[in-house]
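Since the structure comes first, as structure tokens, the remarks are kept for the end.
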């Protein structure tokens, strides 16, 4: 019944409430889409369960750097401490995600099929970061229109034919490109730092230092952040995602040692 | 204040639960408590939350008893067909992926946290955590259920890589026992299942034989029971 889903407030009958089982396993029967099957269960705006926090990105002289920590939060608990939130999509693009990890995993699976099919054309050209950014925008926006979003904020960066690209897409399909980008808490804490200290044609070292500075601030001030991070470096030569490493925080300020000595009870 | 009768008898079966699985050198150990509740009543004090999917892959179930049972039934069925078609035992990763697909694609309907663990000749012992939402993560050890909240600190300190089978089993039994001590929704016995190249071994650690912790005392003989 074509119009069933337009019947607002209609409670699905028993036959309609089908567990979505068979189709998902026969990947080839569906084209590139994470859309619900026609006639299948209608799912509505969900809530995220296992989430990742900020992702940061910036352009430097030779390419693009993208960074994120490796925490997977479950509400207020830091449940997983080694989650990969940066994934290499093709040999010139990296995707980082804030938000629900399962949706990010589904997106990387989808993009993998997209890239493989594109390579199979073997026509001398491959999808670049701009193309993938546009594709992701369409996917996110279309899911938003069905009230069944992929609960992520994405940062997509890459280099093709010498052109550096850095863009982001939100869970409702808001998308833009810029010289430096952040998602999640990073919008509020990292972006101001970037606006003040980013400059054109930074070296790799300068770029990393700036990212690490922002990540450290996020570790201090974002309760979901941990200090175990990864940085991805995309240049014309390819993609390198670092092994996770930890930043060193500073706690030995004199002012931190006895803050309530003058005013007991102060927080 | 006693619980409202209808709430008490009609609440859905939930396995409050503590479940975990640990990879050791040569295989995996799965562990779980045995309490199933309907609201505040203990509907089953000896349930078996470690379910077989294939000869070499097992599943720990938590959350809604109904949801976890139906997912495990579907996956057991698919893996059975898959093994026939494949001509060799299916891998733990395949089992994990099937469980993940069901959890992810039906995320609005299901409320079950699962741990898939087993042994295959390609990856040895593997543990896959599949929490609510359908994220799939391969981990050296995984915990789940309401009782797992009490284990984060303990395991941060007590788990170490490359444990032997004995060490891993002691860790699992102690962990579940600690969770049972504090979580009202977990209780009963500790069941463990070891899966390795040689096969599968099920063990039963009786409630009154578990280690005692802070402020707990050993039961003593009384006229009610001679021993």
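Please treat every number below as a calculation from the coordinates, not as lab data. Predicted, not measured: the structure shown is a model, and the values here were computed from it. Positions of Cβ are generated from backbone atoms using ideal geometry, with glycine treated the same way; all protein chains shown enter the neighbour counts.
Here is how the numbers come out for the structure above:
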{"quantity": "For B:132-141, mean number of other protein chain Cβ atoms within 10 Å", "calculated": "6"}
{"quantity": "P(r) weight above 23 Å for segment B:1-156, C-alpha pairs, percent", "calculated": "37 percent"}
{"quantity": "Förster radius 45 Å - calculated FRET efficiency between residue A:228 and residue B:209 (Cβ-Cβ, nearest 0.05)", "calculated": "0.70"}
{"quantity": "Virtual spin-label span in nm between residue A:266 and residue A:112, 7 Å along Cα→Cβ", "calculated": "5.4 nm"}
{"quantity": "Exposure proxy ranking, count of Cβ atoms within 10 Å, fewest first, for A:175, A:180", "calculated": "A:175, A:180"}
{"quantity": "Potential lengthening between residue B:220 and residue B:154 on full extension [0.36 nm per residue; Cα-Cα distance subtracted]", "calculated": "20.8 nm"}
{"quantity": "Two-site label geometry, residue A:61 and residue A:138: point separation in nm, points 7 Å out along Cα→Cβ", "calculated": "3.8 nm"}
{"quantity": "Ranked A:183, B:54, criterion: other C-beta atoms within 10 Å, fewest first", "calculated": "B:54, A:183"}
{"quantity": "Computed label-point distance, nm, for sites residue A:45 and residue A:203 using a 7 Å Cα→Cβ extension", "calculated": "4.9 nm"}
{"quantity": "222 nm mean residue ellipticity, helices alone, for chain B (DSSP H n ≥ 4; -39,500 (n - 2.57); rounded to 500)", "calculated": "-9500 deg cm²/dmol"}
{"quantity": "Among A:50-57, B:136-143, B:98-105, the order from most to least packed when residues are scored by Cβ within 10 Å on average", "calculated": "A:50-57, B:98-105, B:136-143"}
{"quantity": "For chain B: relative contact order, % (alpha-carbon pairs under 8 angstrom, 6 or more apart)", "calculated": "26 percent"}
{"quantity": "Rel. contact order, % - alpha carbon contacts under 8 angstrom, at least six apart, segment A:118-266", "calculated": "15 percent"}
{"quantity": "Test item: A:99-106 mean partner chain Cβ contacts at 10 Å", "calculated": "5"}
{"quantity": "Exercise: per-residue mean of other protein chain Cβ atoms within 10 Å, A:49-55", "calculated": "2"}
